[in-house]
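The values are calculated or read from the model by the stated rules, or taken from the named source; none is laboratory data. These figures come from a predicted structure and were not determined experimentally. Heads up, the Cβs are rebuilt from the backbone with ideal geometry, glycines too, and the neighbour counts pull from every protein chain shown. These accessible areas exclude ligands, DNA and RNA; they are computed on the full protein's heavy atoms, side chains included. Shrake-Rupley method; radii C 1.70, N 1.55, O 1.52, S 1.80 Å.
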Amino acid sequence: MVLYYSFMVQNLLLQHSSEKLHLKIDIYDESGIGGGASGIAGGLLHPYSPKVRLLWRGAECWKECLKLLKIAERVVDKRNSNYHNVQLDWNLCESIIRRRGILRPAMDAKHLDILTNNAQNCLPSCKIESIDKDAAEALVPNIQVPFNSVFHMPEAVNIHPLCYLQALFLACQDLAEKNSTSSFGGKELFMHKKSIDRLCDFEGEYDAVIVCLGAKADLLPELSGRLPLRTCRGVIAHLQLPDNAGETYPDHGPSILSDAWLAVQGPRDILVGSTWEWKSRNYSSVVSAEEASTALEQLLPKASAIYPKIKDWSFVGAKAGIRAMPPLTSFGSLPVLGRIDDLVVGNHSCKYWFFGGLGARGLLYHGLLGKLMAQAVLFNDETLLPVELTSWKK
Ligand SMILES: Cc1cc2nc3c(=O)[nH]c(=O)nc-3n(C[C@H](O)[C@H](O)[C@H](O)COP(=O)(O)OP(=O)(O)OC[C@H]3O[C@@H](n4cnc5c(N)ncnc54)[C@H](O)[C@@H]3O)c2cc1C
């Protein structure tokens, strides 16, 4: 069985496969762990839309995310306390999660009404509290509060996506190793840093192939022009506060979600995002000086409208990624999943599955959908996937 790279899917495949099943998982990724949009994402994680409306299956998605975060944190703790014994290709961060909450200010009177209404349906495990200007300023001095009301999600988190993905991969390796003996049916997991040109090359080699290539799925000849996805490039600017300048961001201050978002990394370290360049075909994570300058022109006025002190901060770098944006449905913009055998020429001894269109919410969706996908693949039953996610095929 091959999985086209997806930590969530392979992690859950390993957990959900019955003890007796022999399972060999090959992951192919041309750039390695976190080489695509997932590795550069802003890292803001909560189950709400920008208008703080609970997203489709938000409660379950949030619950699965928290589980995976715990698994990843456990691995980081274990490896960091034990670092003399392990050889890694990368350095795991000391902490992959910043638990400081997120603030969502209301920008005008109509917005305030909508947010107030939506916030009433928040989850008990990720509350939304409406706080006034004084309370907001106590959290973030000098924050602008246009309508004396900010929506505070104290349990929302900010993660370091690349370290998180690396930690999840290590957790999968640990799990495969633990279950490698024949009494567990034998589980094997391999990572190949290799580019895939065609799906039909896998025919005869695997029972199932799961395609999770993000925005690049459309570049495969079998899928080109046949997926209901649009590309959208986003640039994130990294800003730091120079040593002798301005006021540091409070260590316990939450991140901010406004027309631009501020994902706080530390008192002198902030990521500001993100731009939206639709139909882009620039898949590089590298941002040229010209692209960075255009992005800053868009992002800084939005960021300073809510946090004027950002003007004291200096630009130190930028990164970019491409989102695979799914169509808008009555349930919102939902990922695109399902069987794609009919798109691949062959005798179909191998079953092909698609997992993509995570849009701007991959961090929220990956846990629950990875779990459901794992079940569907193992039982070879597409009906185990929510119909809202497979209806694109009609
Ligand atoms: C600027 C920006 C900010 C974002 N911020 C957030 C955020 O704060 N919160 C949130 O939830 N989401 C955020 N997102 C969205 C999130 O990053 C995506 O939803 C998610 O990363 C998509 O995951 P994926 O696995 O589908 O794609 P990717 O992460 O792009 O993974 C696809 C992988 O496939 C590999 N690949 C591609 N083609 C081939 C090939 N032919 N052969 C072999 N390997 C191949 C790539 O190397 C890559 O590693 C952001 C996105 C962007 C662009």
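Do we find that residue 262 is open to solvent by less than 20 Å² (accessible area, probe 1.4 Å), free of Cβ contacts under 8 Å to residues at least 60 places away in the same chain, hydrophobic (A, V, I, L, M, F, W, C) and within 25 Å of residue 51 (Cα to Cα) in this structure?
yes
Applying the selection to the range 202-230, what residues are closer than 17 Å to residue 24 by Cβ and part of a helix (DSSP H, G or I)?
202
Determine which member of the set 51, 78 is modelled with pLDDT of 70 or more, open to solvent by 10 Å² or more (accessible area, probe 1.4 Å) and closer than 30 Å to residue 137 by Cα.
None of the other options fit; the residue is 51.
Which condition breaks for residue 193 when tested against (1) within 14 Å of the ligand (Cβ to nearest atom); (2) under 19 Å from residue 344 (Cβ atoms); (3) surrounded by fewer than 18 Cβ atoms within 10 Å (Cβ to Cβ)?
(2)
Considering only the range 117-162, give the strands (runs of 3 or more DSSP E) lying wholly within it that have at least 1 residues that are open to solvent by 70 Å² or more (accessible area, probe 1.4 Å), away from the ligand (no atom under 16 Å from the Cβ) and under 22 Å from residue 49 (Cβ atoms).
Those strands (runs of 3 or more DSSP E) span 129-131.
State the number of residues belonging to the range 347-359 that are within 15 Å of the ligand (Cβ to nearest atom) and farther than 19 Å from residue 69 by Cβ.
Result for the range 347-359: 7.
Only one of 217, 237, 208, 245 is open to solvent by less than 10 Å² (accessible area, probe 1.4 Å) and away from the ligand (no atom under 11 Å from the Cβ); which?
Criteria check complete, one pass: 208.
Is it the case, given these coordinates, that residue 229 is open to solvent by less than 10 Å² (accessible area, probe 1.4 Å) and at pLDDT 95 or above?
No: the conditions fail for residue 229.
Could you tell me which numbered condition residue 304 fails, if it satisfies all but one of (1) of a type in the set (Gly, Ala, Ser); (2) in contact with a Leu (Cβ under 8 Å, 6 or more places away or on another chain); (3) under 14 Å from residue 142 (Cβ atoms)?
It fails just one condition, (2).
If residue 377 satisfies every condition in (1) within 14 Å of the ligand (Cβ to nearest atom); (2) buried (at least 19 other Cβ atoms within 10 Å of the Cβ); (3) farther than 30 Å from residue 267 by Cβ but one, which is the exception?
(1)
Give all pairs with beta carbons closer than 7 Å in which a residue from the range 23-37 that is part of a strand (DSSP E or B) meets a residue that is among the β-branched types (Val, Ile, Thr); count only pairs at least 6 apart in sequence or on separate chains.
That search, which allows pairs on different chains as well, returns 26/2; 28/2; 28/196.
Considering only the range 163-188, how many residues are under 27 Å from the mean Cα position of the chain (by Cα) and open to solvent by less than 30 Å² (accessible area, probe 1.4 Å)?
12
Could you grab the pairs with beta carbons closer than 7 Å, sequence gap of 6+ or different chains, first residue in the range 291-312 and among the polar types (S, T, N, Q), second one surrounded by fewer than 13 Cβ atoms within 10 Å (Cβ to Cβ)?
304/311
As an exercise: evaluate residue 188 against (1) more than 30 Å from residue 292 (Cβ to Cβ); (2) out of contact with any Phe, Trp or Tyr (no Cβ under 6 Å at 6 or more places or on another chain); (3) outside any strand (DSSP E or B) and give the number of the one condition it does not meet.
(3)
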